[in-house]
Amino acid sequence: GSYQLKLFPKSIKGVIDEKNDTSDIYFVLKNQQELSTLELKVKNIPHSNSILQIIQNNQVKKEFAFKGESIDTTFSNCQPGNYQLRIIDDRNKDNYWTTGNITNNRQPENIFDYDNEIILKKNWTASNTWDFKKY
């Protein structure tokens, strides 16, 4: 539905300043029929600590770290569109992609991109399986 958020004076405090006037913010939340669901299974991952990234238009939309050689999860209430998947081998277990360091002779953590594009349509569930056996 459609919503209105009213912010009163001095209700928002930032790092530098405080909001001194009243603001109205209008927004719409999409209903369930306008959103999508992604069922994702990744198996035979050759490393034990990973970071999964869901990317749209070269921007990371969702990222989380997990342990184990497989993951079976569902993402509900997704915006329809085209997405890419990426898994990072988080060797140092810091939950971030670590770049290489030429001084320390350290290679960057490996990145694996899913070959296919994930297409999410409204009021639809997309099921995708990513098997690492071919890597």
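Worth a mention:
- 10 Å-binned pair-distance histogram of segment 26-106 (Cα, whole percent): 15, 39, 29, 13, 4, 1
- Residues 42, 15, 60, 28, sorted by accessible area with the largest first, give 15, 28, 60, 42 [1.4 Å probe; ligands and nucleic acids excluded].
- Temperature 4 °C, viscosity 1.567 mPa s: under these conditions the Stokes-Einstein estimate for segment 73-135, based on its Kirkwood radius over C-alpha pairs, is 90 µm² per second.
- The ratio of the alpha-carbon radius of gyration of segment 1-55 to the globular-protein estimate 2.2 N^0.38 Å is 2.05.
- Whole-Hz Karplus values for segment 15-28 come out as 5, 9, 9, 10, 6, 10, 10, 8, 10, 10, 10, 9, 8, 10 Hz, taken residue by residue from phi with 6.51 cos²θ - 1.76 cosθ + 1.60 and θ = phi - 60°; glycine and proline positions read x.
- Charged-residue dipole, Cβ positions (Lys, Arg, Asp, Glu), segment 45-110 about Cα centre, Debye nearest 20: 120 debye
- Across every direction, the projection of the convex hull enclosing the Cα atoms of the chain has a mean area of 12.2 nm².
- Phi angles of segment 79-94 translate, via the Karplus equation with coefficients 6.51, -1.76, 1.60 and θ = phi - 60°, into HN-Hα couplings of 6, x, x, 9, 10, 10, 10, 9, 10, 10, 7, 8, 4, 8, 6, 9 Hz per residue; Gly and Pro are given as x.
- Positive dipole terminus of the chain, leading residue within 112, 1, 87 (C-beta point charges): 1
- Portion, in percent, of the accessible area of segment 6-135 that falls on carbon or sulfur, probe 1.4 Å: 47 percent
- Charge dipole (debye, nearest 20) of the chain; +1 at Cβ of Lys and Arg, -1 at Cβ of Asp and Glu: 140 debye
- Here residue 122 is the anchor, and the aspartates and glutamates within straight C-alpha reach of less than 12 Å, apart from those fewer than 8 places off in the same chain, are 34.
The values are calculated or read from the model by the stated rules, or taken from the named source; none is laboratory data. All values derive from a computational prediction rather than experimental measurement. Neighbour counts run over all protein chains shown; Cβ positions are idealised from the backbone, glycine included. Surface areas here come from the heavy atoms of the whole protein model, side chains and all, with no ligands, DNA or RNA. Shrake-Rupley method; radii C 1.70, N 1.55, O 1.52, S 1.80 Å.
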